[in-house]
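Handing you this structure, nothing more for now.
The values are calculated or read from the model by the stated rules, or taken from the named source; none is laboratory data. Values in this document were obtained by computation on a predicted structure and should not be read as measured data. Note that we place each Cβ from the backbone using ideal geometry, even for glycine, and neighbour counts take in every protein chain shown.
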Amino acid sequence: MTASIIDGKGFAAKVRGEVGRHVKRLKDEHGITPGLAVVLVGEDPASQVYVRSKGKQTVEAGMNSYEHKRDASISQEELLALVEQLNGDPAVHGILVQLPLPDHIDEDLVINAIDPAKDVDGFHISNVGLLGTGQESMVPCTPLGCLMMLRDFHGSLSGMNAVVVGRSNIVGKPMAQLLLGDSCTVTIAHSRTKDIKEVTRRADIVVAAVGRPEMVTGDWIKPGATVIDVGINRIDAPEKGEGKTRLVGDCHFDSCAEVAGAITPVPGGVGPMTIACLLANTLTACCRANGIAAPEGLTA
Ligand SMILES: NC(=O)C1=CN([C@@H]2O[C@H](COP(=O)(O)OP(=O)(O)OC[C@H]3O[C@@H](n4cnc5c(N)ncnc54)[C@H](OP(=O)(O)O)[C@@H]3O)[C@@H](O)[C@H]2O)C=CC1
Ligand SMILES: Nc1nc(=O)c2c([nH]1)NC[C@@H]1CN(c3ccc(C(=O)N[C@@H](CCC(=O)O)C(=O)O)cc3)C=[N+]21
């Protein structure tokens, strides 16, 4: 079998187009422009690339983008003060603090200082609790993007066996909640899982969010299953020349694609959907803040 390729890049462009149309309507009918503030602490080059592409796509969708770059030596108090300032700024509807933060800063403290209504990452404990109890919340962008692609490909996910590999707060756990919400039978696997291959081989849907380049190989996959590869790993690519690198996922693409029914590529899969969902969440937050019905289909 050769898998269908799920085109996250193309899907993300459609989502961004839809967000853009709603943003225009907000401006024309209500005189409101959604605003997204991104806080980047330190000089991590990969993070800077994400922040740049987020900023560019935010503006292309017709929203305001506010970038706050701070030195890695910023104190926790200064960072909390910046979050407070953004919480109080009526032009800012969404706040994203890029993770990870430097070691001297308590990440949980900073995330939980964000106004939950502006928490477009969906990482605040209030949003985590709301999602876990099936109430309206801000839904984390990466798992939301994965869910949108799965729903688009399968229609209903009801009754499917889903295995999420990885249990982080930002990807694995919220992904499992969303799949449960769509009535999948969900298993979460992690570094202590025994016979992990036997576990994933029972899955109709495998979501890999591990951070280990090409760990999941074709022999982990049931024939015909759908594979969602969240991993973003930069590895050396001497075949492209000295010092060159390339991006790979947590799944070994070629061997998985031989067995799977469908698979997301890296790049061009989950990554672009994450940014599209960030814009969708900013639009949703802006609508809710202004008592306007948020567009359907752009959230879980
Ligand atoms: N496309 C996108 O938009 C995004 C991509 N990412 C990418 O997704 C990947 C995961 O990110 P994130 O969730 O933040 O990572 P974390 O490092 O926070 O979590 C990784 C998880 O994988 C598990 N794990 C590690 N090694 C193994 C193993 N050998 N077997 C089974 N499970 C293992 C860990 O288990 P344990 O808990 O037991 O340690 C942990 O639960 C990364 O490649 C990251 O770059 C992340 C965010 C967004
Ligand atoms: N508070 C917070 N929220 C996040 O959502 C968050 C974060 N911190 N820290 C870092 C991770 C990582 N992440 C990515 C988003 C998009 C791509 C993406 O668009 N990738 C492109 C390729 C980009 C390239 O070529 O470098 C793709 O996969 O096609 C990747 C990774 C969001 N994260």
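Does V186 meet the test of being surrounded by 21 or more Cβ atoms within 10 Å (Cβ to Cβ) and away from ligand 2 (no atom under 16 Å from the Cβ)?
Working: surrounded by 21 or more Cβ atoms within 10 Å (Cβ to Cβ): yes; away from ligand 2 (no atom under 16 Å from the Cβ): yes.
Yes: the conditions hold for V186.
May I ask you to say which residue of G62, G10, G55 is of a type outside the set (A, V, I, L, M), free of Cβ contacts under 8 Å to residues at least 60 places away in the same chain and at positive phi?
Numbers: G10 fails: at positive phi; G55 fails: at positive phi.
The match here is G62.
Out of A285, A280, A257, A293, which single residue is part of a loop (DSSP other than H, G, I, E, B) and away from ligand 2 (no atom under 12 Å from the Cβ)?
Residue meeting the stated conditions: A293.
Which residue out of A113, A91 is among the hydrophobic types (A, V, I, L, M, F, W, C) and surrounded by fewer than 17 Cβ atoms within 10 Å (Cβ to Cβ)? Step through it out loud before you land on a result.
Details: A113 fails: surrounded by fewer than 17 Cβ atoms within 10 Å (Cβ to Cβ).
Unique residue meeting the criteria: A91.
Could I ask something else about it? Output the number of residues of the range 187-202 satisfying the condition of being assigned to a loop (DSSP other than H, G, I, E, B), in contact with a helix residue (DSSP H, G or I) (Cβ under 9 Å, 6 or more places away or on another chain) and not polar (S, T, N, Q).
Filtering the range 187-202 for residues assigned to a loop (DSSP other than H, G, I, E, B) gives 190-195, 201-202.
Cutting the leftovers down to in contact with a helix residue (DSSP H, G or I) (Cβ under 9 Å, 6 or more places away or on another chain) gives us 190, 193, 201.
Cutting the leftovers down to not polar (S, T, N, Q) gives us 190, 201.
Of the residues in the range 187-202, 2 are assigned to a loop (DSSP other than H, G, I, E, B), in contact with a helix residue (DSSP H, G or I) (Cβ under 9 Å, 6 or more places away or on another chain) and not polar (S, T, N, Q).
Among the helices (runs of 4 or more DSSP H) lying completely within the range 52-155, list those that include at least 2 residues that are touching a Ser or Thr at 6+ places or on another chain (Cβ under 9 Å). Don't jump to the end; show me each part of the working.
Numbers: elements: 76-87, 107-111, 125-132, 141-154.
Fully inside the range 52-155 and qualifying: 125-132, 141-154.
Can you pull out every residue in the range 253-277 that is under 24 Å from S47 (Cα atoms) and either in contact with a strand residue (DSSP E or B) (Cβ under 7 Å, 6 or more places away or on another chain) or aromatic (F, W, Y) (or both)?
Within the range 253-277, the first condition is being under 24 Å from S47 (Cα atoms), and the residues that meet it are 264-277.
Hits for the range 253-277 are T264, P265, V266, P267, G269, V270.
Moving on. Going by what's in this entry, would N127 be described as free of Cβ contacts under 8 Å to residues at least 24 places away in the same chain, in contact with a strand residue (DSSP E or B) (Cβ under 8 Å, 6 or more places away or on another chain), farther than 19 Å from Y50 by Cα and not assigned by TED's automatic domain parsing to the domain that holds G181? First the steps, then the outcome.
Details: free of Cβ contacts under 8 Å to residues at least 24 places away in the same chain: yes; in contact with a strand residue (DSSP E or B) (Cβ under 8 Å, 6 or more places away or on another chain): yes; farther than 19 Å from Y50 by Cα: yes; not assigned by TED's automatic domain parsing to the domain that holds G181: yes.
Considered against the rule, which asks whether it is free of Cβ contacts under 8 Å to residues at least 24 places away in the same chain, in contact with a strand residue (DSSP E or B) (Cβ under 8 Å, 6 or more places away or on another chain), farther than 19 Å from Y50 by Cα and not assigned by TED's automatic domain parsing to the domain that holds G181, N127 comes out as yes.
Now for a different question. Q98 passes all but one of (1) of a type in the set (S, T, N, Q); (2) within 16 Å of ligand 1 (Cβ to nearest atom); (3) under 30 Å from A203 (Cα atoms); which number fails?
Of everything listed in (1) of a type in the set (S, T, N, Q); (2) within 16 Å of ligand 1 (Cβ to nearest atom); (3) under 30 Å from A203 (Cα atoms), Q98 misses just condition (3).
Also, quick follow-up: Tell me the residue from V41, V92, V49 that is modelled with pLDDT under 95 and either in contact with a helix residue (DSSP H, G or I) (Cβ under 8 Å, 6 or more places away or on another chain) or within 21 Å of I275 (Cβ to Cβ) (or both), please. Don't jump to the end; show me each part of the working.
Details: V41 fails: modelled with pLDDT under 95; V92 fails: modelled with pLDDT under 95.
One residue alone meets the criteria, V49.
This table checks each residue for (1) of a type in the set (D, E, K, R); (2) away from ligand 1 (no atom under 11 Å from the Cβ); (3) in contact (Cβ under 8 Å) with a residue 40 or more places away in the chain.
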site: S191; (1), (2), (3): no, no, no
site: I205; (1), (2), (3): no, yes, yes
site: G211; (1), (2), (3): no, no, yes
site: I221; (1), (2), (3): no, yes, no
site: R234; (1), (2), (3): yes, no, yes
site: T245; (1), (2), (3): no, yes, no
site: M273; (1), (2), (3): no, no, yes
